[in-house]
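Here is the structure we will look at.
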Amino acid sequence: MSIHVPEEGWFQAPTGAERTWIGLALAWCLVMSLMMPYWHFKGKQNSTGESYTVTPEAFSKRVDQFVKTNQVGEVNGMPLVEPSPGGDAYLRGSMWTWYPALKLKAGQTYRLHVSSTDLQHGFSLQPMNMNFHVLPGYDHVLTITPTMKGEYTILCNEFCGVGHHLMTGKIVVE
Amino acid sequence: MSTAAVIEDLAGALPPAPPVGNHAGAVRTCDTTGLPVCLVAEKFIQLNAVVAVVALLAGGVAALLIALTRWPAVHLLDAVWYYRLVTFHGLNMLIFWILFMEVAILYFAGTVLLNSRLFSGKLAWAAFALMLAGTLLVDIEILRGKADVMMTSYVPLRASSNFYLGIILVAVGTLIGVGNFFGTVYIAKRDHTYSGSVPLVVFGAIAAAVIAVVTLLHGAVVMIPTWLWSLDLVATVDPGWYRLVWWGLGHQSQQVNVCAMVAVWYLLATITTGAKPLNQAVCRAAFVLYILFINIASAHHLLVDPGVGASWKIWNTSYGMYLAVLASMIHGFTVPASVEVALRKKGHDRGLFGWLAAAPWKNPAFSGFFLSLLIFGFIGGITGVTLGTQQINILAHNTLRIPGHFHATVVGGTTLAFMALTYYVVPLIFRREFPLRWLARAQPWVFGIGITIVSLGMSLAGSYGVPRRHWDSELTGAQFTYGFGSGANVMLGVLGMGAILAVTGLLIYIGLTVAAVFFGRRIEGRAMTPW
Ligand code: HEM
Ligand SMILES: [Cu+2]
Ligand SMILES: [Cu+2]
């Protein structure tokens, strides 16, 4: 009875089917534990977590500098900016835009710096469905190599005020 | 009416000569179970349960409105009220309904099952008053539009200072309630009101209470500076630090819920089928695993965050998390196995699942508990373990897959288990019969099936990338447009329809409970009518 004090001598090792089940479950848990580092290093899909402290003002300045030197056009009134292959690209989240629009080359690797200058935002790249959390004060460096050409939309998937659902951005891969 | 027929096999299993309690008069003997009920504890079990149900009602109304807003064809609320009610729903459900219920369960487990009086009526009042004041403060601030910050209130998003104060009051009140429970366990031991080890259900409650203390301390560490910041007494609160500590609160509190739910499973398995745990050492060890390892698992909320590195993420998603998962896998075996053994012993021995077919399905406490076990184990557990891997987390972070997961754990699991428990709390603690018993028998099914559909709709919509906490997945008027496609829209419709069913189940539950408590036939001097 689980609502009464247990009988004397209740402290026993498990037996029978229960013992088998615990053994199987434990083995599965151990395998999964080992899969965690394996998937990370073998899959090469995860952020290494590279990030730096940055003030919103300093980050904003870098973004503006990046746009000034690398702008190649405009989409929907948003500057379209092409970083040099292997170089740094910047993306600023603020209520309620992702600034600027980026033009990348397929097969090239970039260091994409993402940060916010006001609230927390959610970088959500569609239709890839790739999601990162964006915090003010943190410069999150994502080393990315786009492999598929096309147009991608960035949404915001962390609540950032009443215009949250209007916060979008663009990445074009050629 | 013989006791044994009412509550399965209980009479035969009563300890031979129960040691003397420490009640000093304020006690009655339950006419159904023969268990001693401390009258002070009884009053606070009632008070806490009533507030819990009111919070559930408030959260349930909000649930319907926000779910119908996510359904693109309906899109009911405007953006402001959608975000406001998501905040309102999250807090009333996850915090107020659950916490008030848990305090009631702790008072029950500490007194009735240990044959003890409540440690202190004064502390119980203090806990109740603080929690109630905090609840009202939070709800008022949200409805006044001063706290559109979601239940996570991630800084630097800012609510009025009274919102944070309200949360702190609820946390302090709960901590006092938990302290009162530990006091009760202490005096029971001191006064030798029971002999040997505590019953398994009490052990589970103690595990829940230990985790609750750790959880609430994290809450204090994060909410007090945030409150001071909202008063401009502190300049900034680091958002990365906030997320790290906040999830020490947010995730671990879910483990409190799991512990409480598993304790309720064991309780209801015994009450409804006479089940007896196969091996008490195994069940207890599994509770200890929760206490030891769950803190680490809160890392899975930060898998795509800056500020914490890759090795931290890998380490924390591997060994420790799986030891906590192991605990759930153990309970997921031992609970149904104990029911199987009990039913087979009664002669329901045909085939592999003959015992299950012969189970007391017309007892809503049984069907609720068993559905809770299935939904939590299969949907909640599997989605949880997959979302907790880094690779899948990248695909799922902040999409609707996340609420899809936890509506299977904390709603299909914990909430449904607490609802099932109510089918005994009202007759045994409020001493009133449920009216409309056919409706009560249907209720767990309506709610359980409804919330399963909600959970699947959310999970599938989320796998298309649809964000959570998002008013317009069609992005009307945004600078760049994007469509998730018709598949996603269908799934959002499934979510909406499931919500109608689930909220119907929730309203039936509340309607029946209110009708029973206020107008139900009194049970005095006789056992409750068996389900
Ligand atoms: C009656 C059944 C319920 C339905 C139909 C329902 C529906 C929903 C919906 C539609 C959302 C918003 C998802 C979004 O747009 O991001 C939501 C969020 C949530 N629900 Fe429920 N819910 C129900 C019951 C519950 C219960 C009983 C709990 C807790 C015990 C709960 C906890 C939450 C939480 C914590 C959130 C997240 C709020 C946030 O993002 O800040 N729900 N629910
Ligand atoms: Cu945003
Ligand atoms: Cu946003």
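For A:C29, the conditions (1) more than 16 Å from ligand 2 (Cβ to nearest atom); (2) touching a residue at least 40 places away in the same chain (Cβ under 8 Å); (3) within 8 Å of another protein chain (Cβ to nearest Cβ) all hold with the exception of (2). Which one is nearest to the other protein chains (Cβ to nearest Cβ), of the residues in the range A:44-54 that are in contact with a strand residue (DSSP E or B) (Cβ under 9 Å, 6 or more places away or on another chain), open to solvent by less than 80 Å² (accessible area, probe 1.4 Å) and assigned to a loop (DSSP other than H, G, I, E, B)? Here the residue is A:G49.
Of the residues that make up the range A:65-74, is at least one surrounded by 19 or more Cβ atoms within 10 Å (Cβ to Cβ), in contact with a strand residue (DSSP E or B) (Cβ under 8 Å, 6 or more places away or on another chain) and of a type outside the set (F, W, Y)? Yes: one or more hits. Please enumerate the residues belonging to the range B:170-211 that are open to solvent by 10 Å² or more (accessible area, probe 1.4 Å) and farther than 30 Å from B:V20 by Cα. The answer is B:A171, B:V172. Of the set (1) away from ligand 3 (no atom under 16 Å from the Cβ); (2) within 14 Å of chain A (Cβ to nearest Cβ), all apply to B:W361 but (2).
Each residue in the range B:452-487 was checked for being under 18 Å from B:I402 (Cα atoms) and among the β-branched types (V, I, T), and 4 of them qualify. Looking across the range B:360-386 at every residue that is of a type in the set (G, A, S) and open to solvent by less than 10 Å² (accessible area, probe 1.4 Å), the one that is nearest to the chain's Cα centre (by Cα) is identified as B:S372.
Scan the range B:412-419 and give yes if some residue there is under 30 Å from A:C156 (Cα atoms) and buried (at least 24 other Cβ atoms within 10 Å of the Cβ), otherwise no. Yes, because at least one residue in the range B:412-419 is under 30 Å from A:C156 (Cα atoms) and buried (at least 24 other Cβ atoms within 10 Å of the Cβ).
The residues of the range A:137-163 that are within 7 Å of another protein chain (Cβ to nearest Cβ), more than 17 Å from A:L112 (Cα to Cα) and either in contact with a helix residue (DSSP H, G or I) (Cβ under 6 Å, 6 or more places away or on another chain) or touching a residue at least 60 places away in the same chain (Cβ under 8 Å) (or both) amount to a single one, A:V162. All conditions in (1) open to solvent by less than 30 Å² (accessible area, probe 1.4 Å); (2) more than 10 Å from ligand 1 (Cβ to nearest atom); (3) within 14 Å of chain A (Cβ to nearest Cβ); (4) not basic (K, R) hold for B:P467, with the sole exception of (2).
Scanning the range B:394-451 for residues that are more than 21 Å from B:I500 (Cβ to Cβ), of a type in the set (S, T, N, Q) and under 17 Å from the mean Cα position of the chain (by Cα) returns B:T409, B:T414, B:T422.
For the range A:78-116, taking the residues that are among the polar types (S, T, N, Q) and open to solvent by less than 40 Å² (accessible area, probe 1.4 Å), the one that is farthest from the other protein chains (Cβ to nearest Cβ) is identified as A:S94. Would you mention how many residues in the range B:341-351 are in a helix (DSSP H, G or I) and surrounded by fewer than 21 Cβ atoms within 10 Å (Cβ to Cβ)? Total satisfying the criteria: 3. Within the bounds of the range B:303-310, is there any residue that is at the interface with chain A (Cβ under 9 Å from one of its Cβ atoms), buried (at least 22 other Cβ atoms within 10 Å of the Cβ) and modelled with pLDDT of 90 or more? The answer is no, given that none of the residues of the range B:303-310 is at the interface with chain A (Cβ under 9 Å from one of its Cβ atoms), buried (at least 22 other Cβ atoms within 10 Å of the Cβ) and modelled with pLDDT of 90 or more. Among residues of the range B:398-417 that are within 8 Å of B:M458 (Cα to Cα), those with a beta-carbon under 7 Å from a residue that is part of a helix (DSSP H, G or I) and hydroxyl-bearing (S, T, Y) at least six positions away or on a different chain give the pairs B:R401/B:S459; B:R401/B:S463; B:G404/B:T383; B:G404/B:S455; B:G404/B:S459. Restricting the search to strands (runs of 3 or more DSSP E) fully inside the range A:112-174 and requiring at least 3 residues that are of a type outside the set (D, E) and within 16 Å of ligand 1 (Cβ to nearest atom) gives A:121-126. Contact annotation: residue pairs with Cβ atoms under 9 Å, 6 or more positions apart or on different chains, pairing a residue in the range B:144-157 that is facing chain A (nearest Cβ under 7 Å) with a partner that is open to solvent by 30 Å² or more (accessible area, probe 1.4 Å) and polar (S, T, N, Q), are B:P156/B:T236. Among the numbered conditions (1) more than 9 Å from every other protein chain (Cβ to nearest Cβ); (2) part of a helix (DSSP H, G or I); (3) open to solvent by less than 20 Å² (accessible area, probe 1.4 Å), the only one that B:K313 does not meet is (1).
For every residue, the table says whether it meets (1) modelled with pLDDT of 95 or more; (2) hydroxyl-bearing (S, T, Y); (3) more than 16 Å from ligand 1 (Cβ to nearest atom).
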site	(1), (2), (3)
A:T53	no, yes, yes
A:F66	yes, no, yes
A:E82	yes, no, yes
A:Y90	yes, yes, yes
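Considering the range A:149-163, and only residues there that are of a type outside the set (G, A, S) and more than 18 Å from the chain's Cα centre (by Cα), the residue that is nearest to ligand 2 (Cβ to nearest atom) turns out to be A:V162. Of all residues in the range A:141-160, those satisfying the criterion of being surrounded by fewer than 17 Cβ atoms within 10 Å (Cβ to Cβ) and either within 11 Å of ligand 3 (Cβ to nearest atom) or not hydrophobic (A, V, I, L, M, F, W, C) (or both) are A:T143, A:T145, A:T147, A:K149, A:G150, A:E151. For the range A:117-128, a residue qualifies if it is within 7 Å of another protein chain (Cβ to nearest Cβ) and open to solvent by less than 10 Å² (accessible area, probe 1.4 Å), and the qualifying residues are A:Q120, A:G122, A:S124, A:Q126. Within this structure, A:F41 fails the test of being in contact with a strand residue (DSSP E or B) (Cβ under 6 Å, 6 or more places away or on another chain), more than 8 Å from chain B (Cβ to nearest Cβ) and either part of a helix (DSSP H, G or I) or open to solvent by 30 Å² or more (accessible area, probe 1.4 Å) (or both). When we screen B:A67, B:A73 for residues that are more than 18 Å from B:T414 (Cα to Cα) and modelled with pLDDT under 95, the only hit is B:A73.
Conditions (1) within 22 Å of B:Q254 (Cα to Cα); (2) assigned to a helix (DSSP H, G or I); (3) among the polar types (S, T, N, Q), marked per residue:
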| site | (1), (2), (3) |
| --- | --- |
| B:T409 | yes, yes, yes |
| B:G413 | yes, yes, no |
| B:A417 | yes, yes, no |
| B:T422 | yes, yes, yes |
| B:L428 | no, yes, no |
| B:P435 | no, no, no |
| B:R441 | no, yes, no |
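Of the residues B:V237, B:V264, the single one that is within 13 Å of chain A (Cβ to nearest Cβ) and part of a helix (DSSP H, G or I) is B:V264.
The values are calculated or read from the model by the stated rules, or taken from the named source; none is laboratory data. Computed from a predicted structure; not experimentally measured. As a convention, Cβ positions derive from the backbone with ideal geometry for all residues, glycine included, and neighbour counts pool all protein chains shown. In case anyone asks, the SASA skips ligands and DNA or RNA and just uses the protein heavy atoms, side chains included. Shrake-Rupley method; radii C 1.70, N 1.55, O 1.52, S 1.80 Å.
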